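Working notes, beginning with the structure itself.
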């Protein structure tokens, strides 16, 4: 199993840096088909860490045998929570994206902090089940 990880600060500059690092690693490992979805979901997780945890974070990518696992570990014990927003809200869609696009995702608590992670695999097209109408209905709920 291959693994790469990086420590990043809780600043807006960490978001594009994390996207670049994850994309480069996946490309190097031959997971070209996962790069764009991984970039999107990595952006969501790192943005959440910057906005809510406000602590340094570790971004990691692991090759888990035919799939890639991306994780973001921060020092906040507060887990992410699904919120309902209006269709015109500019925030609050990260966990919905994880639900729709990741093969699986979860939150692990440890040492007073948490790790939010997701997996993507080449054998599953995450966009094939994308339902934009479902998002609007959930946002209105």
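The values are calculated or read from the model by the stated rules, or taken from the named source; none is laboratory data. Being a predicted model, the structure only gives us computed values, none of them experimental. Please note: Cβ atoms are built from the backbone with ideal geometry, for glycine as well, and neighbour counts cover all protein chains shown.
A compact table of results
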{"read-out": "Unmet criterion (only one of (1) within 17 Å of residue 121 (Cβ to Cβ); (2) exposed (fewer than 13 other Cβ atoms within 10 Å of the Cβ); (3) modelled with pLDDT of 95 or more) for residue 65", "value": "(3)"}
{"read-out": "Subset tally (residues that are surrounded by 14 or more Cβ atoms within 10 Å (Cβ to Cβ), farther than 18 Å from residue 38 by Cα and at pLDDT 90 or above) for region 68-88", "value": "3"}
{"read-out": "Filter pass, residue 58 being at pLDDT 90 or above, assigned to a strand (DSSP E or B), within 13 Å of the chain's Cα centre (by Cα) and surrounded by fewer than 20 Cβ atoms within 10 Å (Cβ to Cβ)", "value": "yes"}
{"read-out": "Region 42-54 residues that are at negative phi and surrounded by 19 or more Cβ atoms within 10 Å (Cβ to Cβ), paired with ones that are modelled with pLDDT of 95 or more and part of a helix (DSSP H, G or I) (beta carbon under 6 Å, 6 or more apart)", "value": "42/18; 42/19; 42/22; 46/14; 46/15; 46/18"}
{"read-out": "Filter pass, residue 3 being at pLDDT 95 or above and more than 15 Å from the chain's Cα centre (by Cα)", "value": "yes"}
{"read-out": "Of the criteria (1) in contact with a strand residue (DSSP E or B) (Cβ under 8 Å, 6 or more places away or on another chain); (2) crowded, with 17+ Cβ neighbours inside 10 Å; (3) under 22 Å from residue 107 (Cα atoms), which one residue 25 fails", "value": "(3)"}
{"read-out": "Those residues of region 100-130 which are part of a loop (DSSP other than H, G, I, E, B), at pLDDT below 90 and either within 14 Å of the chain's Cα centre (by Cα) or surrounded by 14 or more Cβ atoms within 10 Å (Cβ to Cβ) (or both), in sequence order", "value": "124, 126"}
{"read-out": "Per-region count, region 20-40, residues within 17 Å of residue 64 (Cβ to Cβ), part of a helix (DSSP H, G or I), in contact (Cβ under 8 Å) with a residue 12 or more places away in the chain and out of contact with any helix residue (DSSP H, G or I) (no Cβ under 6 Å at 6 or more places or on another chain)", "value": "2"}
{"read-out": "Answer from 26, 97, 8 - the residue that is at pLDDT 95 or above and under 18 Å from residue 124 (Cβ atoms)", "value": "26"}
